[in-house]
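Presented below is the structure to which this report refers.
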């Protein structure tokens, strides 16, 4: 379905000795080496993620196949858009999509391993959401709730329909995309408070919220991503561009992000955030 995969020797999504933190960190390092060198492209990364999650093993469920086809279509269109000369935002670009895709893949694998819960359709849907949640992002900020997220939903709708994504899944995907508005993140986490993990819209929303900011929350990758966001905001003359990458801006961001999933706990995300706040 996806064409050739990246070479197996590549240090991407390689789990050794059950060290999920190293798996994620090494994968994000490799993504950056590709980004600054010979970019492999989102479709190739998506193929590797699908393979890591066992989504290309036969037999393939019909809905999973449709959702994966939609994901590869979105990824391909993003790459084609840039290849045609379109400028990318400094932060909401293909590197951000790759970070989110990598993080959500690791989190899905952890959640499945912890609970023994297996739902290929949700796995495929979350891969689609990782590459689609900021589709056609203009590098601006919301002036009212879910403004940019609604633009993404509108852009995705005909694409999902052309790929014959079932109506139930179109509704779920659109709901989750709208809930990626950063202002809604606390409410999203509140929805799952005290609720055991299951494959459902509420927990999928939280996983995507976490994957969306996981790389930015780390000590190694966060500062450079903050600088990229500052550059993106500077391009639209947003006053906050002067502080978002500062020490205080970094602290404000770390104080606002939330982690509720078991997978975030296994990765150590709450601990590395607290370590930075104490420092």
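A short reminder: the numbers here are calculations on the coordinates, not readings from a lab. The structure presented is a predicted model; accordingly, all values stated were derived computationally and were not measured. Don't worry about glycine lacking a Cβ; one is built from the backbone with ideal geometry, like all the others, and counts go over all protein chains shown.
Before anything else, pin down the relative contact order of segment 20-214: Cα pairs under 8 Å, at least 6 apart, normalised by residue count, whole percent.
Averaging sequence separation for qualifying contacts and normalising by length gives 26 percent for segment 20-214.
Between residue 248 and residue 275, what is the spin-label point distance in nm, taking each point 7 Å from the Cα along the Cα→C-beta axis?
Rounded to a tenth, the inter-label distance reads 2.7 nm.
Kirkwood hydrodynamic radius, segment 119-233, all distinct C-alpha pairs: what's the number in Å?
15.1 Å
Which value does Rg/Rh take for the chain over its C-alpha atoms, Rh per Kirkwood?
0.93
Residue separation times 0.36 nm, minus the C-alpha to C-alpha distance between residue 76 and residue 150: what's the value?
Result for the pair: 24.5 nm of gain on full extension.
Once you place label points 7 Å from the Cα toward the Cβ at residue 255 and residue 17, how far apart are they in nm?
3.8 nm
Restricting to DSSP H runs of at least four residues, report the calculated mean residue ellipticity at 222 nm for the chain, -39500 (n - 2.57) per run over all residues, nearest 500 deg cm²/dmol.
-20000 deg cm²/dmol
Can you tell me how segment 50-195 classifies by the Cα gyration tensor, rounded, prolate or oblate, using a/c under 1.5 as the rounded cut?
oblate
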